[in-house]
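Structure first, commentary second.
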Amino acid sequence: MADHTVCWVDIPVVDLKRAIAFYSALLGEPVKAESAGPGQDFGLLPHAQENVSGCLAVMRGRTPSQDGPLVYLSVNGRLDAAIEAARSGGGRILQEKHPIGPYGFRAIIADTEGNPVALHSQKP
């Protein structure tokens, strides 16, 4: 069995530069602009060693949507700061911070591209 059920996520974006700035502020760490060749630019989400991560990418045939899967991003211990970064960075708050039982707390935002994203923290 794999170490993690979720091993990677591609978050579709329209404006990569804007999305990199938004997610860098949201996560409190830089999203690194990378390229895998011509037309394959992406923003690598911060992660440590072999931890699960993902990227922001302009992808043909994939557009930001509020109807797709809900990705949870850990902002552990800085949920309020991440919510404020979403607000001030051009995102929208879809659900304010709320408890999710023994699993901690979350807020659901819409990023600058229109994707819904859950912000998760064990601490309020």
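The values are calculated or read from the model by the stated rules, or taken from the named source; none is laboratory data. Predicted, not measured: the structure shown is a model, and the values here were computed from it. Don't worry about glycine lacking a Cβ; one is built from the backbone with ideal geometry, like all the others, and counts go over all protein chains shown. Note: accessible area is taken over every heavy atom of the protein model, side chains too, but ligands, DNA and RNA are not part of it. Shrake-Rupley method; radii C 1.70, N 1.55, O 1.52, S 1.80 Å.
For this structure, a couple of remarks:
- In segment 5-16, of all residues being open to solvent by 60 Å² or more (accessible area, probe 1.4 Å) and part of a strand (DSSP E or B), the one that is modelled with the lowest pLDDT corresponds to Trp8.
- Residue in segment 52-68 that is open to solvent by less than 40 Å² (accessible area, probe 1.4 Å), farther than 22 Å from Thr5 by Cα, touching a residue at least 12 places away in the same chain (Cβ under 8 Å) and not in a strand (DSSP E or B) present: yes
- In the condition set (1) among the polar types (S, T, N, Q); (2) open to solvent by 50 Å² or more (accessible area, probe 1.4 Å); (3) part of a loop (DSSP other than H, G, I, E, B); (4) in contact (Cβ under 8 Å) with a residue 12 or more places away in the chain, Gln95 is compliant with all but (3).
- Options Ala19, Ala48, Ala36, Ala2: the member that is modelled with pLDDT of 95 or more and either open to solvent by less than 90 Å² (accessible area, probe 1.4 Å) or among the β-branched types (Val, Ile, Thr) (or both): Ala19
- Within segment 20-44, being farther than 17 Å from Gly89 by Cα and aliphatic (A, V, I, L, M) holds for Ala33, Ala36, Leu44.
- Comparison of Gly77, Gly43, Gly90 shows that the only residue that is surrounded by 12 or more Cβ atoms within 10 Å (Cβ to Cβ), in contact (Cβ under 8 Å) with a residue 12 or more places away in the chain, touching a helix residue (DSSP H, G or I) at 6+ places or on another chain (Cβ under 9 Å) and at positive phi is Gly90.
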